[in-house]
Amino acid sequence: MELWTKLFITHGAVQTTLVLSITIALGILLGRIRIFGVSFGIGGILFSGIILGHFGLSLDARVLSFTREFGLILFVYAIGMAVGPTFLESLRDQGLKLCSMAVFVVLAGALLAAACFGVFGLSVPQTAGIFCGAVTNTPALGSANEAWSMVGGAPDVVAEGLKVIGMAYAVAYPFGIFGIILTMMLLKGLFRINVAEELAQVRARKPEHHEKLDLAGTVTLLVTSGRVSGLELAAVAPGDADIRALIRGGNEYAWNGKWRLRLDDKIVAGQGPAAEALAKVVGDNAAHLDHPNMLAIFIGIFAGVLLGSIPVFVPGLPTGLRLGVAGGTLVLAIILARVQRIAGLTWYMRPGANNLMREIGILLFMACVGLYAGTGFVDTVVNGPGLRWMGIGAIITFVPLFTAALFCRAVWKINFPTICGMLAGSMTDPPALAFAMQYYGGEVAATGYSTVYPVTMILRILMGQLLVLLLLS
């Protein structure tokens, strides 16, 4: 018993490492359990933290606060770097309609949460936690926590409020996932949709760029030099280079003379001395991209946190409106990823490094939230207002989603797999996306998800903070 207490109960560096490790490991296992074909995914970390917190495991308050916030910063920075290069492109063509519906889902959910605050007599922490859980958005939870920490008042009031936010989030979270899937199923039944026919129609309309390109007798050159990032290919290529195509993100595009290069682009050119000269200009050395630019990463994080800490004073709010560490880091990462090269530094992360940074960040954040909310969670659900919170969360989840889905199908006639992806993306919910891809549309659903994801993520983060500030005012 003494060894158990020393290793798992008495706060310290070893105890923190052990508790976080077991929380995350157990959470990953819980997240793999499938119920009616759906798993909680990353949400399993939250529930493992609640379980272990209920049985007495905890972290030092200051260590928990730092780990939670730093994990969130790592997560949103990686998200920003991933979506930045294609952020503006996602707003074009049908993407504008999808993004407008995703914005509707975000704003309608926030308005419903504010209405429930008045109608049901909820506290600000309860409302914020229910809202963030109902929309299954963890960065929004981080932003709400940050806002409450700034304006909640005395330290003990802030601490209790943060615990309530975490508990309400956990209670509302499960239906947040199943509510998206329920909306997909109801839409399919209501309009008697044949998924196979919908997919066939999408594929018939999809342009097949690669089939029209003559790539015989060519070489593929990888852009790995930061010196050409952001520059037009026509400005750096030898005049006699026989450039045929550009491969970016798995898609092939015919040469049009106007491309601005990005790291990890692939240039398809005819063989010969000109291609060899072009290879020297663009780098063509994959090893240069294998190691993340750590200087750029931490300068970017520093600048993002600094940006998020600058208050913008808005009349009627109790404190200046800040992007917060999450919002500031996300916005700056999107800008840096879009520009790629500033002041001699190149901001780029290969998908493997980005995914690792993103996963570590969100695992740490969710573990800390779960451990903090674990104390008193069971009593809140069984004997307290937990079931009531769950019902309110279901309203906030379902009403905006079903309204948006009906409008997309009945008015805009958008194909069903794309709508499913949009619904999952409007809630930034990977488990719902996995369900849609498996049963309702594969890569078509994934395209709808990725189209709305950047806009939704930014709005969710801002809305988590804004909801707290507006309700307190």
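The values are calculated or read from the model by the stated rules, or taken from the named source; none is laboratory data. As the structure is a prediction and not an experimental result, all values here were calculated from the model. Reconstructed Cβ throughout: ideal geometry from the backbone, glycine too, with neighbour counts over all protein chains shown. Heavy atoms of the whole protein, side chains included, go into the accessibility calculation; ligands, DNA and RNA do not. Shrake-Rupley method; radii C 1.70, N 1.55, O 1.52, S 1.80 Å.
Here Ile193 fulfils each of the conditions (1) hydrophobic (A, V, I, L, M, F, W, C); (2) closer than 14 Å to Thr418 by Cβ; (3) in contact with an Asp or Glu (Cβ under 9 Å, 6 or more places away or on another chain) apart from (3). Within segment 281-293, residues that are under 12 Å from Asp265 (Cβ atoms) sit with their Cβ atoms under 6 Å from residues that are among the hydrophobic types (A, V, I, L, M, F, W, C), at 6+ positions apart or across chains, in these pairs: Val282/Leu221; Val282/Val223; Val282/Val228; Asp284/Leu221; Asp284/Leu222.
Only one entry of Met422, Met457, Met463 meets the criterion of being among the aliphatic types (A, V, I, L, M) and either at pLDDT below 80 or under 12 Å from the mean Cα position of the chain (by Cα) (or both), and that entry is Met457.
How many residues are among the aromatic types (Phe, Trp, Tyr) and either within 13 Å of Gly95 (Cα to Cα) or surrounded by fewer than 24 Cβ atoms within 10 Å (Cβ to Cβ) (or both) if we restrict to segment 412-427? Give the derivation first.
Step one: list which residues in segment 412-427 are among the aromatic types (Phe, Trp, Tyr), which gives 412, 416.
Then keep just the ones that are either within 13 Å of Gly95 (Cα to Cα) or surrounded by fewer than 24 Cβ atoms within 10 Å (Cβ to Cβ) (or both); that gives 412.
Residues flagged as among the aromatic types (Phe, Trp, Tyr) and either within 13 Å of Gly95 (Cα to Cα) or surrounded by fewer than 24 Cβ atoms within 10 Å (Cβ to Cβ) (or both) within segment 412-427 amount to 1.
The conditions of being open to solvent by 10 Å² or more (accessible area, probe 1.4 Å), of a type in the set (Gly, Ala, Ser) and at pLDDT 95 or above are met by Ala108. Confirm whether Leu59 is surrounded by 21 or more Cβ atoms within 10 Å (Cβ to Cβ) and part of a loop (DSSP other than H, G, I, E, B). Answer is yes for this residue.
Filtering segment 304-314 to residues that are assigned to a helix (DSSP H, G or I) and over 20 Å from the mean Cα position of the chain (by Cα) leaves only Leu306.
Among the residues of segment 111-149, those identified as among the small types (Gly, Ala, Ser), in contact (Cβ under 8 Å) with a residue 12 or more places away in the chain, closer than 16 Å to Ala172 by Cβ and open to solvent by 10 Å² or more (accessible area, probe 1.4 Å) are Ala114, Ser123.
Do we have Ala445 as modelled with pLDDT of 90 or more, small (Gly, Ala, Ser) and over 22 Å from Val76 (Cβ atoms) here? No; evaluated as a whole, the condition is false for this residue. Would you call Ile310 more than 27 Å from Gly43 (Cα to Cα), exposed (fewer than 15 other Cβ atoms within 10 Å of the Cβ) and β-branched (Val, Ile, Thr)? Spelling it out, Ile310 is indeed more than 27 Å from Gly43 (Cα to Cα), exposed (fewer than 15 other Cβ atoms within 10 Å of the Cβ) and β-branched (Val, Ile, Thr).
Among residues of segment 227-246 being closer than 20 Å to Ala287 by Cα and crowded, with 20+ Cβ neighbours inside 10 Å, the one that is modelled with the highest pLDDT is Val228.
For Gly49, indicate whether it is more than 24 Å from Ala159 (Cβ to Cβ) and either modelled with pLDDT of 85 or more or surrounded by 19 or more Cβ atoms within 10 Å (Cβ to Cβ) (or both). Full working, then the answer.
Numbers: more than 24 Å from Ala159 (Cβ to Cβ): no; either modelled with pLDDT of 85 or more or surrounded by 19 or more Cβ atoms within 10 Å (Cβ to Cβ) (or both): yes.
No.
Residues considered: Ile395, Ile360, Ile342, Ile335. Of these, the only one that is open to solvent by 10 Å² or more (accessible area, probe 1.4 Å) and under 30 Å from Val124 (Cβ atoms) is Ile395. The residues in segment 333-378 that are in contact (Cβ under 8 Å) with a residue 40 or more places away in the chain, in a helix (DSSP H, G or I) and of a type outside the set (A, V, I, L, M, F, W, C) can be counted, and the count is 9.
Every condition in (1) closer than 30 Å to Leu471 by Cα; (2) modelled with pLDDT of 85 or more holds for Leu317 except the one numbered (2).
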